[in-house]
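I have placed the structure first, in the form of structure tokens, so that the comments after it can refer back to it.
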């Protein structure tokens, strides 16, 4: 037998209809009271009460269906009005099922996306980026940016549960039913985004342009023609910036301040700052081509921040050797150019100024801690020993942070560990250094300017006074807030820089033979026996060390290698693949040798002796990482290649470390990087 349902009212309408009944009850009570006072009056009131109840019953039983019919009619008409309003709503709206299929959409949605009347495909066919896994799982609304044809939209989705509908349904079993619909709303933001983009394009970018070798270029031309050379350079720069709707203002003889719209700056980026090459064509008899460094600041919260970005960018460009452009924004730092070799400065004024500054800093502290890069090499240890001698000359306590001593380093480190002339705590570990560090300690970082690969990165937080001495080109990651920063990419080694500083620290510097040998060793190794990156100042520094006790024979004996290392290196050279007839790529098998990374670098140097080889790359597996050593003579900038792989270095000597791959995969990565950079014009 079917259950018969009848409509029941609730809420205020139900209360309103029952008011008559409540009044009748009150009337009966009043009638009783009147009977006690006067029977005749009570009878009259009783007759009225009877009539009242008859009238109420009539209204309840005969007019109620009419009222319900009117209510149902109103609800039906109201529902139709709602449906029509929703269908004709200006906001594009659609309803999806759990699978993401469109089951209903209004007229605005149809017109917005140019759909037919019976479009029933999935929503992801319209917006592929919004798949079902991105639908809301709870009651919270989610929003996504999406594009359709040439328009940009914000798409909002909200899940609507159908469980309550199933409870009152005669068709769907409510138990275990968790069905739902997805309500979709489209907001066309094409015009808004175009307006925002236009405002962004017209925002101002700040820039600085420095002439790298102004003094040297002027000295290489006759005095009467110097003003002409200056005028030609000015014209090149002003014409280049003016063509981009920018303004260039000369603030010093070799410095320019630049302002331009961001859109114009993006055009210069797409052209890879061709003025870097164009300015080199200025030649009126000057023996040295003029090079520029450019720093651009973008997307800052204010013009002042853009200028600060530009200052940081120009510092990076100069720190990397000049002849390049650096663009810095809130999100990234990118580099362009940097293909020419750095030019050695003939003057030592900067070295003398830095030496005096270092002397003042060390003199103001009680303790000096020196550290190089992780897996320290001869150059970083030699430079550390040089700083140790400076600290001792200034009568300050000094410690060198060194954890893992490679086999190739053991003879050099042994000169100090077994020497009674040096304290037992001259060489300390990371934890010992952290325990010593304090407000009255100066930390000197040598042969590295990338904080993540220093021997003990935590020390940078514990020491408020930090000095950085390095000869590698600066990258995106740099040591922040250094009290003294001395980065010279033209220098052959950190030992060369420290040797120059030693000459200006004071007249009472007495360098021991072991210290002179260490500094000299660093120069020998980093220059490959004075064959790479050697200038006049390199030999002057070497001569200074020779005068102070460095012995070539002792140094040579320190670095004689074992038979296994020699064989592994020879095998790497013999198995090398000549890629594209100009790149030598090989793998060094270092299972049986204690220091494969050293042998890897030496093998890369040896491969450059092959005729026609412009650059060499040798990979080796060490401590669950792949080490890649890259070397070149003068035609290829291996630094930019290694930077693509997360490393860095110099134009002719660079490297990187990659985790989570096999050595064969590293070789493929090197080849693909070479191919890609060749296509982009970064490599000739």
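Every number in this text was worked out from the coordinates using simple rules, so none of it is lab data. All figures in this text were calculated on a predicted structure; none of them were measured in a lab. All Cβ positions, even for glycine, are placed from backbone atoms using ideal geometry, and neighbour counts span all protein chains on display.
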Listed with the fewest Cβ neighbours within 10 Å leading, 371, 288 appear as 288, 371
At 0.36 nm per residue, minus the direct Cα-Cα distance, what do residue 152 and residue 199 gain on full extension? Give it in nm, one decimal, please.
-> 15.2 nm
Where does each of 30-42, 441-453, 509-521 land if you order them by average Cβ count within 10 Å, highest first?
-> 441-453, 509-521, 30-42
Largest first and in whole Å, give the semi-axes of segment 204-337's equivalent ellipsoid, each being the square root of 5 times a Cα gyration tensor eigenvalue.
-> 26, 14, 13
Return 619, 456, 495 ranked ascending by Cβ neighbour count within 10 Å, so the fewest neighbours appear first.
-> 456, 619, 495
Calculate the translational D of segment 191-253 in whole µm² s⁻¹ from Stokes-Einstein, where the hydrodynamic radius comes from the Kirkwood formula applied to all Cα pairs, the temperature is 37 °C and the viscosity 0.692 mPa s.
-> 228 µm²/s
Kirkwood hydrodynamic radius (C-alpha pairs) into Stokes-Einstein, segment 564-679, 37 °C and 0.692 mPa s, D in µm²/s = 241 µm²/s
What percent do you get for the relative contact order of segment 509-616 when only Cα pairs under 8 Å and 6+ apart count?
-> 22 percent
One finds the C-alpha centres of segment 473-551 and segment 620-684 to be spaced, in Å, by 26 Å
Length-normalised contact order of the chain in % [C-alpha pairs under 8 Å, at least 6 apart] | 6 percent
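Give the shape of segment 472-580 as rounded, prolate or oblate, defined through the alpha-carbon gyration tensor: a ≥ b ≥ c are the square roots of its eigenvalues, a/c under 1.5 means rounded, and otherwise the shape is prolate if a/b is larger than b/c and oblate if not.
On the way: a/c = 2.38, a/b = 1.31, b/c = 1.82.
Verdict is oblate for segment 472-580.
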Could you order peptides 627-637, 534-544 by the average number of other Cβ atoms within 10 Å of their residues, highest first?
-> 627-637, 534-544
For the chain, restrict the atom set to alpha-carbon positions and state the Rg and Dmax in Å.
-> 40.9, 145
For segment 543-614, evaluate the Debye formula with one uniform point scatterer on each Cα (no solvent term) and list log10 I(q)/I(0) at q = 0.26 Å⁻¹, rounded to two decimals.
-> -1.07
Estimated FRET transfer efficiency (residue 192, residue 331; beta-carbon r; R0 30 Å; 0.05) | 0.85
Checked segment 349-558 with the C-alpha gyration tensor, a ≥ b ≥ c its square-rooted eigenvalues, rounded below a/c of 1.5, otherwise prolate if a/b is larger than b/c and oblate if not; verdict rounded
Provide the FRET efficiency to the nearest 0.05 for the residue 676-residue 250 pair, computing r from the beta carbons and using R0 = 35 Å.
-> 0.35
If each residue's Cβ is checked for other Cβ atoms within 10 Å, how do 244, 493, 332 rank with the fewest at the top?
-> 332, 244, 493
Extension gain residue 114-residue 77, at 0.36 nm per residue separation less the Cα-Cα distance, in nm?
-> 10.3 nm
Mind ranking 658-666, 642-650 by how tightly packed they are, going by the mean number of other C-beta atoms within 10 angstrom, highest first?
-> 642-650, 658-666
Out of the DSSP beta bridges found with both residues in the chain, what percent are antiparallel (nearest 5)?
-> 70 percent
What is the extension gain from residue 353 to residue 52, computed as 0.36 nm multiplied by their sequence separation minus the C-alpha to C-alpha distance, in nm to one decimal?
-> 97.1 nm
Between residue 635 and residue 302, what is the spin-label point distance in nm, taking each point 7 Å from the Cα along the Cα→C-beta axis?
-> 5.2 nm
Given the C-alpha centroids of segment 77-129 and segment 379-413, what is the distance between them in whole angstrom?
-> 74 Å
